[in-house]
Amino acid sequence: MEHDHAGQSALVHFVTEARIRIRGLRKAYGPILANDGVDLEITRGGIHAIVGENGAGKTTLVRAVYGLVEPDAGSIELDGQRVTIASPAQAIQHGIGMVHQRFQLVEPLTALENLTLGDLPHKGVFFDRPAALARARALAAELGTTMEWNRAVANLSVGARQRLEIMRLLYRKADILIFDEPTSVLTPQEADDLFRVLRRLAGQGRTIIFITHKLREVFALAEQVTVMRRGRIITTVPTKGSDPQALASLIVGEQFERPSLRGGTERGAAVIEADRLSVCDDLGALSLREATFSVHAGEIVGVAGIEGSGQRELVEALLGLRHPVGGSIRLHGQPVAGTSVWDRRKRGIAFISEDRDGEGACLPATLAENVFPLERYDPDLARGGRLRTSAIAAFARSVLTRFNVRGAAPNSPARSLSGGNLQRLVLGREIRKTPRLLLAAHPTRGVDVRGIAFIHEQLTQARADGAATLLISEELSELIELSDRLLVIFEGRIVADLPAAQATPDRLGLLMTGAA
Ligand SMILES: Nc1ncnc2c1ncn2[C@@H]1O[C@H](COP(=O)(O)OP(=O)(O)OP(=O)(O)O)[C@@H](O)[C@H]1O
Ligand SMILES: [Mg+2]
């Protein structure tokens, strides 16, 4: 009898104990307190969202839990037991897994090989492929999803890669899964699939930590949401009984009102015109087919389409990074065939790359080195082959101030910026002077609520100043709100060109999937 009783109270203790308890966690980077005494409890079996402004310390916190950041002070308890997590390998031993934005998969290997990498089922010295496949299929079934196990990862969609990352963690028995802005790389459809998977995992008793800037995701998914600001936890509230507007106000620390955007301006001359433009992707497959359109001064033209429908190749062809295989492009009425990227940039093209870390910025270089290149012929900054470093630093500082880039100085490496701050840096470099043509791919990706409002204001201000903008985004509401006209692209073809005022998310969704 007595034995039974003790067993029961141990069980009660186990169930009520927080799965994760963080106390007094502190991490400083030089003068910056990324985490300033964080106390947080996360209960077992549910989805817990973490939100907060760019640079608030969200990524630092979860990286500490995953053993990628060594805290200066504080402790972490799992089920009431204090643990030291000095590496991701130790984290996984404790059942903690993290899905990174940059996936950690080996591209030439198959999905199955990636799944089992480092922990191969074997018969004697041989890889036991049937056993591996059986375990892989069981995992996919558990997630309620499918996977092409024999395909090389390089040929999987982004959504499939992310599911594979999740399965890799489950294969290693993780029951705490951390996601840092997982939907920023997904299409809306893929995001819905991910949400289904996450709900299922939480229903099975796993604990999900989910960082996002998209407040509607918080309300669609999480039971609890924690708000961070300047390295501290401001509050944790249940999502029931709150709403996006109230949460936005908690995030910024004051009543948050979205500023109203400037209306459209007079449409000017055509800045860029594409005529039956066809472009191939990296593998030589035709990905943009005979696209004919124009973007005029003083207008924002949005491009709606499922990721991978030719948007990337379109932008690269306009910029000069990719040679079209058919058709023509005119910039200010002149054919651009044979001109370089720099020639086109000099004629007023600005570019916000969808690949912020790889193409938009150079992470090991300093902030100053990241903003300087477009101004390299300015005699105030460089003269007679000599860089005027203090003038360049002052110039960089002015960009940081104007575009509200926080958390680093002109001589800090770009990689020390939080994701959203890096996005502001790139934006600042590109639209500091009003461009004639702005090619903007996902300009608000990874940016906080206030930052999104700021970027929207900047884009509409550029339009008022006469810029022609081609805007690519997966946020249909953003496209509809900002654009004057929308091009809908499906399998590389422009299937609709309509005034934004006539568009609804539902109608766009149908057009984007070829259903209308
Ligand atoms: N490796 C590093 N070196 C120097 N500073 C860093 C480093 N990592 C983070 N920081 C700084 O710590 C602060 C918190 O950064 P963190 O990445 O945790 O923010 P975040 O809340 O994830 O922001 P975002 O929403 O933009 O991703 C920022 O000011 C950032 O500049
Ligand atoms: Mg972050």
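Nothing in this text is a laboratory measurement; each read-out follows from the coordinates by a stated rule. Here the structure is a predicted model, which means the values were calculated and not measured. Don't worry about glycine lacking a Cβ; one is built from the backbone with ideal geometry, like all the others, and counts go over all protein chains shown.
As a test of the definition: which semi-axes, in Å, follow for the chain when you take the square root of five times each eigenvalue of its alpha carbon gyration tensor? Largest first, please.
Numbers: eigenvalues 349, 159, 104 Å².
Semi-axes from the Cα gyration tensor: 42, 28, 23 Å.
Dividing the Cα convex hull volume of the stretch 256-350 by residue count, how many Å³ per residue is that?
135 Å³
Give the average over all directions of the projected area of the C-alpha convex hull of the stretch 14-252, one decimal, in nm².
Working: hull surface 55.1 nm².
Dividing the Cα hull surface by four gives the mean projection, 13.8 nm².
Taking neighbour Cβ counts within 10 Å as the exposure measure, how do F103, F403, F210 sort from fewest upward?
F103, F403, F210
Expressed in nm², what is the orientationally averaged projection area of the convex hull enclosing the Cα positions of the stretch 132-270?
13.1 nm²
Sorting K123, K27 on the 10 Å Cβ count, fewest up front, what's the list?
Lowest to highest Cβ neighbour count: K123, K27.
Most exposed first by the Cβ proxy, i.e. fewest other Cβ within 10 Å, how do W342, W149 rank?
Working: W342 12, W149 18.
Ascending Cβ contact count within 10 Å gives the list W342, W149.
Give the residue list of GluC sites (Glu not before Pro) in the stretch 167-255 that are DSSP loop and have at most 13 other beta-carbon atoms within 10 angstrom.
Passing sites in the stretch 167-255 are E254.
Averaging over every viewing direction, what projected area does the convex hull of the Cα atoms of the stretch 366-434 cover, in nm²?
That works out to 4.2 nm².
Report the GluC sites (Glu not before Pro) located in the stretch 106-169 that are in a DSSP loop and have at most 16 other Cβ atoms inside 10 Å of their Cβ, or state none.
E148
Under a straight-distance cross-link criterion of Cα-Cα below 20 Å, which lysines are reachable from K346, leaving out those fewer than 8 residues away in the same chain?
Counting by Cα, and skipping residues close in sequence, K346 has these lysines nearby: K433.
List the lysines whose Cα sits under 22 Å from the Cα of K27, skipping any in the same chain fewer than 8 residues away.
Cα-Cα hits under 22 Å: K58.
Please report the relative contact order for the stretch 382-516, taking Cα pairs under 8 Å with a sequence separation of at least 6, and give it as a percent rounded to a whole number.
15 percent
Report the relative contact order of the chain, percent, no decimals, based on alpha-carbon pairs under 8 angstrom and at least 6 residues apart.
Contact order relative to length: 15 percent.
Stretch D357-A516 to full length: gain in nm at 0.36 nm per residue minus the Cα-Cα span?
Computed gain between D357 and A516 is 53.6 nm.
Based on the mean of other beta carbon atoms within 10 Å per residue, what is the order of 128-141, 39-52, most packed first?
39-52, 128-141
Charges only on Cβ, +1 for Lys and Arg, -1 for Asp and Glu: so what's the dipole of the stretch 366-434 about the Cα centre, in debye to the nearest 20?
Values: 12 positive and 5 negative charges, 16 e Å.
My answer is approximately 80 debye.
Assigning unit charges at the beta carbon (Lys, Arg +1; Asp, Glu -1) and nothing else, what dipole magnitude in debye, to the nearest 20, does the stretch 124-278 show about its Cα centre? Let's see the in-between values first.
Working: 23 positive and 18 negative charges, 99 e Å.
Using Cβ point charges on Lys, Arg, Asp and Glu, the stretch 124-278 gives about 480 debye.
Local charge sum around R21 (other residues, Cβ-Cβ under 12 Å, Lys/Arg +1, Asp/Glu -1)?
My count for the surroundings of R21 gives -1.
Any idea what the relative contact order of the stretch 442-505 is, in percent, if you count C-alpha pairs under 8 Å spaced at least 6 apart?
Relative CO of the stretch 442-505 lands at 23 percent.
Place the peptides 354-366, 374-386 in order of packing, highest mean first, counting for every residue the other Cβ atoms within 10 Å and averaging per peptide.
Top to bottom by mean Cβ count within 10 Å: 354-366, 374-386.
Determine the percent antiparallel among the DSSP beta bridges restricted to the chain, to the nearest 5.
55 percent
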